[in-house]
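I have placed the structure first, in the form of structure tokens, so that the comments after it can refer back to it.
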Amino acid sequence: MTNEKTKVHFTDNYLINPTNPVTINLIGAGGTGSKVLTALMEMNHSLIQLGHTGLSVRLWDDDIITDANLGRQRFAESEAGLYKSVALINRANRWMGTNWKAETQKFKKSESEKFSENITANIYISCVDSVSARFEIADILKSLNNGRYYANRPLYSLDFGNSKNTGQTILSTIGTIKQPNSEKYETVDHLPFITDEFGDLLKQSEESDDTPSCSLAEALEKQDLFINSTLAQMGSSLLWGLFRNGLTENRGFFLNLKNFHSQPIRL
């Protein structure tokens, strides 16, 4: 008989009982990011109905909508030529009556120095295509100080990544999150960044051809139709669990949509 305790991470109390809407920087508005935004809209409405203060989202993307984005991403033909971030945020604000923000630039070190007030948030969700962008985002998050107690204190990051039929979502803490004393569980106060734990694999898996697709057919050769939306739903469910359950035994998952297999990543 084993007395080994189950490992869990307790959600930072500010996410559960915030004084203001929980702030989120959503980085990337493409196949995954555009659908994560829809999930955040649903999450915001649900949290408010439950007496929570809800979410305040800032979406970062410098890309323009093209015909290749239609169908696989959350864009209409009438939006071609607009910034992805602007089109999505305008739509979200009209639907919810919120004041979420769009940034028509990359989430990079150079921009973060100019827009330091905008870059600070409680949660960072990255939905970017390149490995180099993920390493740069991780470097920015590591430079943030989560020891200051104010509304935008950095707490968590959630990274989405995928290839044609496979992908993963991994939750990390920005620094450490103080855990309560528990006789039932073994608490975990730090969840590593994906770049720290799987950095070598990320570099090995990066594709050499990252040129933009000129058509939907070409885009579907790189990423199948439902890999992004499946990741977005499952990853958003992980975030929702932090709010609703107050703890998690998993910090992410690996997904193979071709054979419909999902493997949780335990703490």
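The values are calculated or read from the model by the stated rules, or taken from the named source; none is laboratory data. Quick caveat: nothing in here was measured; it's all calculated off a predicted structure. Glycine also receives a Cβ, built like all others from the backbone with ideal geometry; neighbour counts cover every protein chain displayed. For the accessible areas, the whole protein counts, side chains as well, though only heavy atoms, and no ligand, DNA or RNA atoms are used. Shrake-Rupley method; radii C 1.70, N 1.55, O 1.52, S 1.80 Å.
Within the stretch 223-248, being exposed (fewer than 15 other Cβ atoms within 10 Å of the Cβ) and at pLDDT below 95 holds for Leu225, Phe226. Scanning the stretch 161-216 for residues being open to solvent by less than 70 Å² (accessible area, probe 1.4 Å), at pLDDT below 85 and either not small (Gly, Ala, Ser) or not in a loop (DSSP other than H, G, I, E, B) (or both) gives a total of 4. Does the stretch 38-50 include one or more residues that are within 24 Å of Leu191 (Cα to Cα) and in contact with a strand residue (DSSP E or B) (Cβ under 9 Å, 6 or more places away or on another chain)? Among the residues of the stretch 38-50, at least one is within 24 Å of Leu191 (Cα to Cα) and in contact with a strand residue (DSSP E or B) (Cβ under 9 Å, 6 or more places away or on another chain), which makes the answer yes.
Count of the stretch 12-26 residues, restricted to those that are open to solvent by 10 Å² or more (accessible area, probe 1.4 Å) and either in contact (Cβ under 8 Å) with a residue 60 or more places away in the chain or in contact with a Ser or Thr (Cβ under 7 Å, 6 or more places away or on another chain) (or both), is 8. Please indicate, with yes or no, whether at least one residue in the stretch 249-256 is open to solvent by 40 Å² or more (accessible area, probe 1.4 Å), part of a loop (DSSP other than H, G, I, E, B) and at pLDDT 85 or above. So far as the stretch 249-256 goes, yes, one or more of its residues are open to solvent by 40 Å² or more (accessible area, probe 1.4 Å), part of a loop (DSSP other than H, G, I, E, B) and at pLDDT 85 or above.
Among the numbered criteria (1) modelled with pLDDT of 95 or more; (2) open to solvent by 50 Å² or more (accessible area, probe 1.4 Å); (3) within 17 Å of Thr120 (Cβ to Cβ), which single criterion is violated by Leu50? Against the list (1) modelled with pLDDT of 95 or more; (2) open to solvent by 50 Å² or more (accessible area, probe 1.4 Å); (3) within 17 Å of Thr120 (Cβ to Cβ), Leu50 comes up short only on (3).
Within the stretch 66-90, the set of residues being of a type in the set (S, T, N, Q), open to solvent by 30 Å² or more (accessible area, probe 1.4 Å) and free of Cβ contacts under 8 Å to residues at least 60 places away in the same chain comprises Ser78, Asn90. For the stretch 149-160, filtered to residues that are touching a strand residue (DSSP E or B) at 6+ places or on another chain (Cβ under 8 Å) and assigned to a loop (DSSP other than H, G, I, E, B), the residue that is surrounded by the most Cβ atoms within 10 Å (Cβ to Cβ) is Pro154. Does Asp63 count as in contact with an Asp or Glu (Cβ under 9 Å, 6 or more places away or on another chain), open to solvent by 10 Å² or more (accessible area, probe 1.4 Å) and under 29 Å from Asp224 (Cβ atoms)? The answer is no for Asp63.
Being small (Gly, Ala, Ser) and modelled with pLDDT of 85 or more is the filter here, so list the residues in the stretch 72-118 that pass it.
Result: Ala76, Ser78, Ala80, Gly81, Ser85, Ala87, Ala92, Gly97, Ala102.
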